[in-house]
Amino acid sequence: MTTQKPSLRRSKSNRMIAGVCGGLSEFFGISSFWFRLAFLVALIPGGVPGILAYILIWMIVPSE
């Protein structure tokens, strides 16, 4: 018996801006709070690492 892992997609239902954190949470099975917190922490050292990572994921990962 095989179980399909959900594909990585930006969420339409669990979103604040573009659904990146919601999509990551559905894919990894972790609360979206932790992904939002990680992006927020990545914004602290000047903003570029967090914003750049978020925008790259936003452009690469397709929507549901």
Take the range 6-29 and flag every residue that is in contact (Cβ under 8 Å) with a residue 12 or more places away in the chain and among the charged types (D, E, K, R). Arg9, Arg10, Lys12, Glu26
Output the number of residues of the range 1-24 satisfying the condition of being within 13 Å of Ile57 (Cα to Cα) and either over 12 Å from the mean Cα position of the chain (by Cα) or loosely packed, with under 14 Cβ neighbours inside 10 Å (or both). 1
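Could you say which residue among Phe27, Phe39, Phe33 is of a type in the set (Phe, Trp, Tyr), outside any loop (DSSP other than H, G, I, E, B) and loosely packed, with under 15 Cβ neighbours inside 10 Å? Working first, answer last.
Details: Phe27 fails: loosely packed, with under 15 Cβ neighbours inside 10 Å; Phe39 fails: loosely packed, with under 15 Cβ neighbours inside 10 Å.
From the options Phe27, Phe39, Phe33, the qualifying one is Phe33.
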Residues of the range 16-60 classified as within 24 Å of Gln4 (Cα to Cα), out of contact with any Pro (no Cβ under 8 Å at 6 or more places or on another chain) and not hydrophobic (A, V, I, L, M, F, W, C), total: 7
Condition set exposed (fewer than 12 other Cβ atoms within 10 Å of the Cβ) and of a type in the set (Gly, Ala, Ser), scope the range 45-63, selection nearest to the chain's Cα centre (by Cα): answer is Gly47
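Bear in mind these aren't lab numbers, they're just calculated from the coordinates by the rules spelled out. Predicted model only: the values in this text are computed from it and were never measured. Note: ideal-geometry Cβ built from the backbone for every residue, glycine included; neighbour counts use all protein chains shown.
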